[in-house]
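Here is the structure we will look at, set down as structure tokens.
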Amino acid sequence: MLVFLSGISASGKGTVIAELAKQLPNLQFFKSATTRPRRENEDAYIYLTQEEFDQKVQNDEFFETEPVHGFYYGVLNQSLDMIIAQPDKIFIKDIDVHGMERIVKFLKGKAKVITIFLDAPDNVLYDRLIKRGESPERATIRLQRGQLERSYKDKYNHVIENIDLDKTVNLIKEIILKSM
């Protein structure tokens with residue numbers, strides 16, 4: 001089973017996934033690749049230089065790639081093969097709205113997928129971005145994409161407003177356990 005979390009920047013995707021990993025020991029991370037620099041104490045991606053990423057694109061190693069906020073992200077073909085080959089395991093991934101659609105379509109009939117969209121009011125998102133070290137200009141740029149991302153909410157199995165971390169984590173944990 002694959003659980004996708006999408007949402008606007010600072011909606012809490014990484015924080016929620018980290019909390020779920022503490023509470024669900026059998027949860028495994030589905031890692032995609034990115035050219036974005038690694039944040040402190042983060043291990044959510046396969047971190048590549050732009051040159052390494054471009055080489056994998058040339059070698060046709062990606063299922064899909066997407067530019068987001070000035071960096072590139074991509075899902076490796078071998079990662080999708082792993083999901084299909086291990087249907088009894090629970091994988092979780094934060095993903096862009098476009099990537100989610102393509103992968104869900106590809107996995108239909110091959111693997112169970114749960115999609116969850118996290119949101120929060122813009123002022124809360126902005127404050128979270130500033131607290132994690134974004135400049136006001138960069139925070140504004142990241143939030144501008146929010147309108148596009150929110151337009152995809154109806155394509156998700158679940159939409160959760162992530163204001164209270166514990167409530168959000170408990171709700172997602174319940175969704176996962178009911179789907180097993």
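Structure data summary
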quantity: Single match in I90, I114 (criterion: more than 21 Å from R150 (Cα to Cα), among the β-branched types (V, I, T) and in contact with a strand residue (DSSP E or B) (Cβ under 8 Å, 6 or more places away or on another chain)); calculated: I90
quantity: Region 5-26 - residue that is surrounded by fewer than 19 Cβ atoms within 10 Å (Cβ to Cβ) and either in contact with a Leu (Cβ under 9 Å, 6 or more places away or on another chain) or in contact (Cβ under 8 Å) with a residue 24 or more places away in the chain (or both) and, of those, farthest from F91 (Cα to Cα); calculated: T15
quantity: Residues that are of a type in the set (A, V, I, L, M) and closer than 20 Å to D122 by Cα, drawn from region 133-180; calculated: A139, I141, L143, L148, V159, I160, I163, L165
quantity: Search result, residues across region 133-158 that are over 18 Å from the mean Cα position of the chain (by Cα), surrounded by 14 or more Cβ atoms within 10 Å (Cβ to Cβ) and not small (G, A, S); calculated: E134, R138, I141
quantity: Counted residues, region 115-152 - those being over 21 Å from I163 (Cβ atoms) and assigned to a strand (DSSP E or B); calculated: 0
quantity: Those residues of region 64-81 which are of a type in the set (S, T, Y), assigned to a strand (DSSP E or B) and in contact with a Phe, Trp or Tyr (Cβ under 7 Å, 6 or more places away or on another chain), in sequence order; calculated: T65, Y72
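None of the figures in this text is laboratory data; all of them are computed from the coordinates on show. All figures in this text were calculated on a predicted structure; none of them were measured in a lab. Backbone-built Cβ (ideal geometry, glycine too); neighbour counts: all protein chains shown.
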